[in-house]
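The structure appears right after this line, and notes come after that.
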Amino acid sequence: MPRQLVAILLGMLAIAAVAWYGGRRSTPVPAQGAAAPTEARVQNAAISTKGKSETAAAATRPALSGAPGRRVLDSAVSDASERTPLPPASAPLKSILAELKARADAGDSDAATRLFRDMQTCAQVQRLNQTMPGVANRVLNDTSAPASSAAAQRSERMLDFVQRNLDFARNNAAMCAGLSADDMANLVPATLQAAQLGDAQAANCYVGANLNNWPGLVNNPQWVQDYQSNALNLANNALQQGDWSMAMLMAQAYGGSSRNLLNQITGNNAQQAYTYAKLMSLGQPTGTQQSQRSTNALSNFSSQLTPDQIQAADAQAQQMYQQYFNNTPRQTGDVAGAMQACQGGGPPGF
């Protein structure tokens, strides 16, 4: 194993971690005159959306598989061309957080999406700086010589994994510098808000919520109540948009294979789990690994159902497929896609 390379990577990780934690200890002082434009942008954003907000009346659609009808929440800004431009990409989130939040609260879907994705990115940077030192040390201390070409390939993949994560943390250190715990507590409401304003990635992230990725949950019990009120509505809307990743999340929740917040709402239900497994099978080409998994799931759940229940589930899956998914017959979302929704644009896992 190229130990010199690992040592270099570990040094890079230390630099990235210092940038992150150093930034959190002392908020950088903005350059003279920098605060005024930020405040002006907040005011301009509020003015640009004032009078154009339009919250749709509760438009209720037929529910899918236990999900109640959704309340349609449209962007408050009717014409995207009239919106105030977003701050430059990679601008320090600390300096633009108030502006993005004000614009998102006024219904600016672009600002809501930007806030969600920047917050997710910084949460990912924080997690990497907490976990990657241990990973890098394990790689560095692995003195065993590869016994086979397969072992050598695994070592190379681990080195690549460390490198990609180090690069991600380092490249985003400046954007995430200076964020406090209170700032990071905007992550969950920002994700919900972006989802409500139409961001599909935010919806998958929120519905498939992992409590470990919700900093500040202990101090914000209202977040759980918000989830109970909104998760199925968001799932229903995503299903009506033909979102295969959401279909997979629902299959996992009803089948009990994903013990997350969604499962606590849906509970285990073999008939609904079969329905979504059937829906997934309709969107996958035969002979693939995903198709085989769907076949195995159908066999497992069908053993728990009566013939009448299977017939009803088949009919429901076919109806959903024809009504909402037929325009995307090949599955455009998968396990990796749904799991990556909360990764903030970070590199895929090992």
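The values are calculated or read from the model by the stated rules, or taken from the named source; none is laboratory data. Because the structure is a prediction, the values reported are computed rather than measured. Because the Cβ atoms are built from the backbone with ideal geometry, glycine has one as well, and the counts that use them run over all protein chains shown. Only protein heavy atoms, including side chains, enter the accessible area calculation; ligands, DNA and RNA are left aside. Shrake-Rupley method; radii C 1.70, N 1.55, O 1.52, S 1.80 Å.
For a quick check of your reading of the filter: which trypsin sites (Lys or Arg not before Pro) in segment 224-324 sit in a DSSP loop and have no more than 12 other Cβ atoms within 10 Å?
Arg259
How much of Trp223 can a 1.4 Å solvent probe reach, expressed as accessible area in Å² and rounded to 10?
Here the residue's solvent-accessible area equals roughly 20 Å².
Please state the relative contact order of segment 114-214 as a whole percent: Cα pairs under 8 Å, 6+ residues apart?
Relative contact order comes out at 38 percent.
Counting only C-alpha contacts under 8 Å and six or more residues apart, can you give the relative contact order of segment 95-171 as a whole percent?
It comes to 28 percent, rounded to a whole number.
Report the gain in length on full extension from Ile265 to Thr328: 0.36 nm times residue separation, minus Cα-Cα distance, nm rounded to one decimal.
Roughly 19.9 nm would be gained on extension.
Rounded to the nearest 0.05, what FRET efficiency do Val224 and Gln319 have when you use their Cβ-Cβ distance and R0 = 35 Å?
0.60
Among Asp314, Asp118, what's the order by accessible area (1.4 angstrom probe), most exposed first?
Asp314, Asp118
Find the accessible area per residue for segment 212-316; the probe is 1.4 Å, ligands and nucleic acids are left out, and the unit is Å².
So segment 212-316 comes to 47 Å² accessible per residue, rounded to a whole number.
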